There are 4 protein chains.
Amino acid sequence: MTPLNDEQLHQIRDERREQIKAAAAQVFARKGILCAKMSMIAETAGISSGLLYHYFKSKDELFMSLVQEALDGSVAAVRGVYELPGTPIEKIRAMTEVILDESGAPYFLLVHQARTSDGVPEPVKRLLLQYSMDHYIELLLPLFEAGQRAGEIVAGDSRELISSYLSVLSGIMVVSSYGMKDYCIPKVDRLLRVISSH
Amino acid sequence: MTPLNDEQLHQIRDERREQIKAAAAQVFARKGILCAKMSMIAETAGISSGLLYHYFKSKDELFMSLVQEALDGSVAAVRGVYELPGTPIEKIRAMTEVILDESGAPYFLLVHQARTSDGVPEPVKRLLLQYSMDHYIELLLPLFEAGQRAGEIVAGDSRELISSYLSVLSGIMVVSSYGMKDYCIPKVDRLLRVISSH
Amino acid sequence: MTPLNDEQLHQIRDERREQIKAAAAQVFARKGILCAKMSMIAETAGISSGLLYHYFKSKDELFMSLVQEALDGSVAAVRGVYELPGTPIEKIRAMTEVILDESGAPYFLLVHQARTSDGVPEPVKRLLLQYSMDHYIELLLPLFEAGQRAGEIVAGDSRELISSYLSVLSGIMVVSSYGMKDYCIPKVDRLLRVISSH
Amino acid sequence: MTPLNDEQLHQIRDERREQIKAAAAQVFARKGILCAKMSMIAETAGISSGLLYHYFKSKDELFMSLVQEALDGSVAAVRGVYELPGTPIEKIRAMTEVILDESGAPYFLLVHQARTSDGVPEPVKRLLLQYSMDHYIELLLPLFEAGQRAGEIVAGDSRELISSYLSVLSGIMVVSSYGMKDYCIPKVDRLLRVISSH
DNA sequence: GATGAATGAGTGTTCATTCAT
DNA sequence: CATGAATGAACACTCATTCAT
């Protein structure tokens, strides 16, 4: 009796969800929650605005699901640094390249928007508290300390060093995420000078 | 009962305009054009929203006049770097400190918003074309080249160097402009490592 | 694999229609036309919302078919009062009990909704004109007049008496139809006092 | 400097609020919260829909303020019964006349809608708990008991008697509140028969 | 026959802007 | 000059209805 079997239906739903999430990530990243229009997300995704609500209960829920995913991904990416080959500074260089690789830009901006915009729903705020910058600093601490011991990274307060480096990277990501020619993404080697002992 | 004379009226008018612009700069910087509400600007300025329209024809005009001012100011500030005492790198260090000094943050953010937000009125876009990053690069070129000749600044493509440095500074300004504990403003010395030859 | 024959199809169709009408009566009675959602009717009936439209062209048509049925049933019920055993007042008492018996409540409410809601489609309005309160008064007139002649019912304008009694009954049905503890259904004897001569 | 003085402003605001409340009472009473459209209230009040929101934060708040007022008024009216002249049954007759007087109908319906509709905001539900039917029964208890002692009111469970009478009255109000010729408001004497000992 | 994905018109609400005072 | 009441266009979200499968 069922005209489309469960598997087909499931596949359609999944595809649509991904299609919507991709469109939404782009729009939210650029505009922030308040300024992002659902109609614009729908248009970007190539669907009617009504259909958006078959897949996500509300703008807030859609935003939250994206932020959740971005945060999970970013933690995984940072954790993954330990699997990379090479000395500490080489690992950091590889991680930096991954971060600056523009494919992750929308997600970076998304989290930035979530951290800095008004109108962020309360559940997202709670989520962000769990993924504060300190969280990332702790994740990277062993790596930087190893680098310092190896003489590859300048001596000094490691947490402050990591915080500075991440702020620089975040800043670059944010300003360069708009596809504007005004800002450029510096070469990785230049950025590494901030922390390397040369 | 005595009607105010022209001069007094003019003075009131000027004071009000400044009062409004200060409030608007703050609100626009934090929210972007689209999300900044005229009512919020009025409230911040301590006046009625209706009065806003006696002084500025529209939100767009108000925004544009602020961007104009911020751009003029930033050019003046960058030009001023040549008046600062010391060697090239010392001048750059001083300029960096001024930029990162939070007092200039609202204007910086304002220009950033103007460059990256949607909904920016066409005249503002034209304005920004005249003040592209290249414009600042040209202004700073003699200084950086002098620094390179003096051996204070790493050798290499000076334009690319300046562009990278400005992007890093801009990024830091943007991410740290929200008073969030997540991002930190690195020490100036750390940032200078990006360009200095040590 | 063997396709169902016409008779079986017809039977399925009829069963479905009844299933839908039962669900719809319940939902319309509680919410009114405008607030009743087709999705809610579908869910109550245990079918997909799309299927609703195989059986009823539109919400309005579904509503109208229910109202038609409820009106026909109510006329039949009132006509049936003459078949009941006993004296006029005993017949009326029996009828009152049937009316207040909650099993008929959904249909009663349905007609009430049809009479009082906005958004009632024009054809339904025309239908209701044919089944005005006067129609019921005429049906009951012989019974009440017999009661008056028998001294069981208070003397006076019989039409006004019937109208008052029906209004009281309708009112009770409506306010008590929500399963709320705030309103109670009075004992039949109490209500009969309105018309009985004691 | 202030162009309209506070008093004038206050007066305009009060007038508008009353104008809106009158329109809203009418629309809410007829349609219930969910089906009442703010645009319709605005139209009924003769103002733009935007202006509604200068005076009431939301549909819910508007609804609640009306329900609050209606409940306060109804309690005051019932309490006022003790100030009326005459014997207990005469007081009740007077009170009944006041209730059935159509001027209060919209408020009656409003409370009815609040008690029975879906979509009633939580604060209103809490309000209604405080003004349950039991509340009114307690208010009227001394009066009915006095009537019973005086032999004017039939003996029996007074609370049940009051509850029945109020249900009958409420029902009449509700069904007759739509300005429909189908239902009539019975004469007060007829309704009093429900409780009087004759 | 049966499903549920898809659409689009309509509703509650916000906000830039105007205007009477 | 100054106010805030008033408007209307725009946006988030809902729901009757259609249609491919």
What is the Å³ per residue value for the convex hull set by the Cα atoms of region A:1-74?
96
Hey, can you grab everything whose amide H is under 5 Å from the amide H of A:Ala36? Only 5+ residues off in sequence or another chain; H modelled, so Pro and N-termini drop out.
none
Suppose every K and R has +1 on its Cβ and every D and E has -1 on its Cβ; what is the size of the dipole of region B:100-167 about the Cα centre, in Debye to the nearest 20?
180
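Considering every Cα-Cα pair within region C:116-158, what fraction, in whole percent, is farther apart than 14 Å?
So the pairs more than 14 Å apart make up 60 percent of the total in region C:116-158.
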Shortest-first distances to equivalent copies, position C:Asp60, nm, label 7 Å out along Cβ
3.4, 3.8, 4.3
Between region B:1-70 and region D:95-143, the Cα center-to-center distance that results, in Å:
51
Compute the label-point distances linking D:Glu43 to its equivalents in the other copies; points lie 7 Å from Cα along Cα→Cβ; give nm, one decimal, shortest first.
2.9, 3.0, 3.3
Under 5 Å between amide H atoms, partner at least 5 residues away or on a different chain: which partners does B:Ser196 have, H built in plane at 1.01 Å?
B:Val154
How much net charge surrounds D:Ala77 when only other residues with a Cβ under 13 Å from its Cβ are counted (Lys, Arg +1; Asp, Glu -1)?
-3
Around D:Ser158, under 14 Å between beta carbons, what's the net of Lys plus Arg minus Asp minus Glu among the other residues?
-3
Setting aside same-chain residues fewer than 8 positions from B:Lys125, which aspartates and glutamates have a Cα under 12 Å from its Cα?
B:Asp60
Cα Rg, Dmax (largest Cα-Cα span) when computed across region C:44-101, Å:
17.3, 52
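Give the Kirkwood hydrodynamic radius (Å, one decimal) of region D:59-137, defined as one over the mean of 1/r across all pairs of different Cα atoms.
By the Kirkwood definition, the hydrodynamic radius is 13.5 Å.
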Work through the residues other than D:Val175 whose Cβ is under 9 Å from its Cβ and net out their charges, Lys, Arg +1 and Asp, Glu -1.
0
With Cα atoms, 0 to 90° folded angle of helix C:6-35 axis to chain C main axis
60
Gyration tensor verdict on region D:106-198 (Cα atoms; rounded if a/c is under 1.5, prolate if a/b is larger than b/c, oblate otherwise)
oblate
From the phi of every residue in region B:44-58, what ³J(HN,Hα) in whole Hz does the Karplus formula 6.51 cos²θ - 1.76 cosθ + 1.60 yield, where θ is phi - 60° and glycine or proline is x?
4, 7, x, 10, 7, 5, x, 5, 3, 7, 7, 9, 9, 4, 7
Just the projected area, averaged over all directions, of the convex hull on the alpha carbon atoms of chain C: how many nm²?
13.7
Can you work out the Karplus-derived ³J(HN,Hα) for every residue in region A:119-132? Use 6.51 cos²θ - 1.76 cosθ + 1.60 with θ = phi - 60°, whole Hz, and x for glycine or proline.
x, 6, x, 3, x, 5, 4, 4, 4, 5, 4, 6, 10, 5
Got the C:Glu138 label distances to the other copies yet, label 7 Å along Cα→Cβ, in nm, shortest first?
5.1, 8.4, 9.5
Angle in degrees between helix D:88-100 and the longest Cα principal axis of chain D, rounded to the nearest 10:
30
Residue (of D:Gln8, D:Pro106, D:Thr87) at the positive-pole extreme of region D:1-117, dipole from beta-carbon charges:
D:Pro106
Kindly express, to the nearest 10 degrees and within the range 0 to 90, the angle between helix D:133-149's C-alpha long axis and the longest C-alpha principal axis of chain D.
30
Please get the size of the charge dipole for region C:59-192, origin at its Cα centre, with Cβ charges of +1 on Lys and Arg and -1 on Asp and Glu, quoted in debye to the nearest 20.
180
With +1 assigned to the C-beta of every Lys and Arg and -1 to the C-beta of every Asp and Glu, and no other charges, what is the dipole magnitude of the protein assembly as shown about the Cα centre in debye, to the nearest 20?
200
Any chance you could tell me what percent of the C-alpha pair distances in the protein assembly as shown go past 37 Å?
62
Computed helical MRE - 222 nm, the protein assembly as shown, DSSP H runs ≥ 4 contributing -39500 (n - 2.57), nearest 500:
-23000 deg cm²/dmol
Taking a straight Cα-to-Cα line shorter than 16 Å from A:Lys37, and setting aside same-chain lysines fewer than 8 residues away, one finds A:Lys21, A:Lys57, A:Lys59, B:Lys31
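Every number in this text was worked out from the coordinates using simple rules, so none of it is lab data. Keep in mind that what you see is a predicted model, and the values were worked out from it rather than measured. With ideal geometry, Cβ positions are generated from the backbone for all residues, glycine too; neighbour counts draw on all protein chains shown.
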